[in-house]
Amino acid sequence: MDPLNEHELCCNLQNGDEKAFEKLFRFYYRPLCVFASRILQDEDEAEELVQDFFVKFWEKRTQIQIETSLKSYLFRSTKNLCLNRLKHEQIKIQHAKKVVADSEEKDFDDQFIEVDLQKDIENSIAELPEKRREIFRLSREEGLKYREIAERLNISVKTVEAQMGLAIKTLRERLKKYNFLLFFILSYRKK
């Protein structure tokens, strides 16, 4: 495209001329994809990036100020997008390496304690008497208040309070090896 056609094309684009955009797309799409592919070393990713660029270019066509040639603007924009994508990928890789390094330094026992705790809690709840287990689950799993549980089960609020107290006491005894963690889990009451 010669500079005169580029200037006319830019004016038409800013006025929303879809045929001008189609002409621009057809002329530059493939060269921009090849250019981006050399930077990214991935043809599919390059095509996706260039397609996204053209969509954004069309959406912001009235705000874009091209001070050099249209060709220079398109290639410079594509290069910047590629570099930003590479930086983002590098950050993701560094984060993944850090997570792996951190997990290698940590004692895996800490992670197993959480899994074991959850399993032991479920087993201990399952061993509660049926009505007590039902009241406990309504409170902790469904988040119902004692009054709501009483209404649903057609029992008094005092009964709910008593059954919850017994459930918590039983669970504390059965799960005393996790004492510190259970303080926070079992002490949270909804009344």
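The values are calculated or read from the model by the stated rules, or taken from the named source; none is laboratory data. Quantities reported herein were computed from a predicted structural model and do not represent experimental measurements. Cβ placement follows ideal geometry from the backbone for every residue including glycine, while neighbour counts extend to all protein chains displayed.
General observations
- Filtering segment 42-62 to residues that are within 15 Å of Leu74 (Cα to Cα) and either of a type in the set (Val, Ile, Thr) or not assigned by TED's automatic domain parsing to the domain that holds Phe27 (or both) leaves Val50, Val55.
- Screening segment 107-156 for helices (runs of 4 or more DSSP H) wholly inside it with 1 or more residues that are modelled with pLDDT under 80 returns the ranges 108-126.
- Across segment 32-41, the number of residues qualifying as without any contact (Cβ under 8 Å) to a residue 24 or more places away in the chain and within 12 Å of Leu74 (Cα to Cα) comes to 1.
- All conditions in (1) assigned to a helix (DSSP H, G or I); (2) in contact (Cβ under 8 Å) with a residue 12 or more places away in the chain; (3) not basic (Lys, Arg) hold for Glu48, with the sole exception of (2).
Let's see how each residue does on (1) out of contact with any Phe, Trp or Tyr (no Cβ under 9 Å at 6 or more places or on another chain); (2) modelled with pLDDT under 90; (3) surrounded by 11 or more Cβ atoms within 10 Å (Cβ to Cβ):
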residue: Asp2; (1), (2), (3): yes, yes, no
residue: Asn5; (1), (2), (3): yes, yes, yes
residue: Phe21; (1), (2), (3): no, yes, yes
residue: Lys79; (1), (2), (3): no, no, yes
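- Any hit, segment 9-18, residues being under 19 Å from Ile66 (Cβ atoms), touching a helix residue (DSSP H, G or I) at 6+ places or on another chain (Cβ under 8 Å) and free of Cβ contacts under 8 Å to residues at least 12 places away in the same chain: yes
- In segment 157-186, residue modelled with the highest pLDDT [restricted to those that are within 35 Å of the chain's Cα centre (by Cα), farther than 16 Å from Ile125 by Cβ and not basic (Lys, Arg)]: Asn179
- Members of segment 59-70 found to be in a helix (DSSP H, G or I) and surrounded by fewer than 15 Cβ atoms within 10 Å (Cβ to Cβ), listed by number: Glu59
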